[in-house]
1. Just name the residue that is farthest from ASN64 (Cα to Cα) out of those in the range 13-49 that are among the charged types (D, E, K, R), free of Cβ contacts under 8 Å to residues at least 24 places away in the same chain and not in a helix (DSSP H, G or I).
2. Does VAL48 satisfy the criteria of being surrounded by 13 or more Cβ atoms within 10 Å (Cβ to Cβ) and either on the phi < 0 side of the Ramachandran plot or at pLDDT 85 or above (or both)?
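The values are calculated or read from the model by the stated rules, or taken from the named source; none is laboratory data. Predicted model only: the values in this text are computed from it and were never measured. A quick note on method: Cβ atoms are made from the backbone with ideal geometry, for glycine too, and the neighbour counts reach across all protein chains shown.
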Amino acid sequence: MVPADAEFVEADIVDQAAVRDALQGVDVVFHQAAYGGYMPEIAKYVRVNSLGTALLLETIRDANLPVRKVIVASSQAVYHEGAGTCPKHGLVFPHARPVEQLAAGDYAVDAPRVVRQRPQLRHRRMLPSVGRRCTP
């Protein structure tokens, strides 16, 4: 649902004229345009996600738009399965499920366990690794 004080614009992210028109008077962009599931449409994925983001930034620059900040969404390819809640382990961030598991019709998400990080990576959030199956 779009808030009453916001304008919803439906357009193709690679349409620079539409992007330029939509960004008139905008100072912060929350860039959420994306195409998920990069297989089997790799070209569409790259066109929308990579080229679309590049054209957005070029349009802001070339049209000298007043945008001060662009907040870019990431994807499951970077953040794995996303956050989940487990009754036993609380908030969890599991890795992507193996293709073989999904092909077998097993869609359960394994409970993650925290692994030690090298000292030079301590400034980053602890990363999960696949652990045992979560059973409440």
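1. Among them, the one singled out is GLU41.
2. The answer is yes for VAL48.
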